[in-house]
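Taking it in order: structure first as structure tokens, then the write-up.
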Amino acid sequence: MDANEIERLKEILPRISVAHHIPGRVRLKLNGKIPSRALESSLDRYIKSVKGVVGVSVNPFSASAVVSYDPNKLSPTLFEALSKGDYEPFLEQARSLQCFNL
């Protein structure tokens with residue numbers, strides 16, 4: 001993930017809230033005005049590249065995404081942190097590429 005994609009994530013992640021989460025499935029709601037291009041190119045690509053993600057369904061019209069993941073491969077704590085407004089763990093993984101299939 002290059003520096004431009006990291007910057008796009010920095011803009012998008014603070015606008016994401018967790019609408020519902022159970023280990024293995026999370027519904028993300030996008031708050032505020034987020035261009036669908038940013039949603040599709042950054043968020044969608046980022047989520048799909050995370051090791052352990054089984055499927056992603058992004059709906060730019062409702063500004064939401066449903067992510068299915070293997071909780072044995074991807075820690076549910078990432079989404080728990082996001083639900084508390086802490087998006088730094090996602091950025092740390094994006095910077096380190098430790099959990100990415102890129």
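The values are calculated or read from the model by the stated rules, or taken from the named source; none is laboratory data. Note that the structure is a prediction, hence the values are computed from the model and not measured. Note: ideal-geometry Cβ built from the backbone for every residue, glycine included; neighbour counts use all protein chains shown.
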> Can you pull out the helices (runs of 4 or more DSSP H) entirely within the chain that have at least 3 residues that are within 10 Å of the chain's Cα centre (by Cα) and at pLDDT 80 or above?
Replying inline: 77-83
>> For the stretch 1-14: of the residues being surrounded by fewer than 17 Cβ atoms within 10 Å (Cβ to Cβ) and not aliphatic (A, V, I, L, M), which is nearest to Gly85 (Cα to Cα)?
In response: Pro14
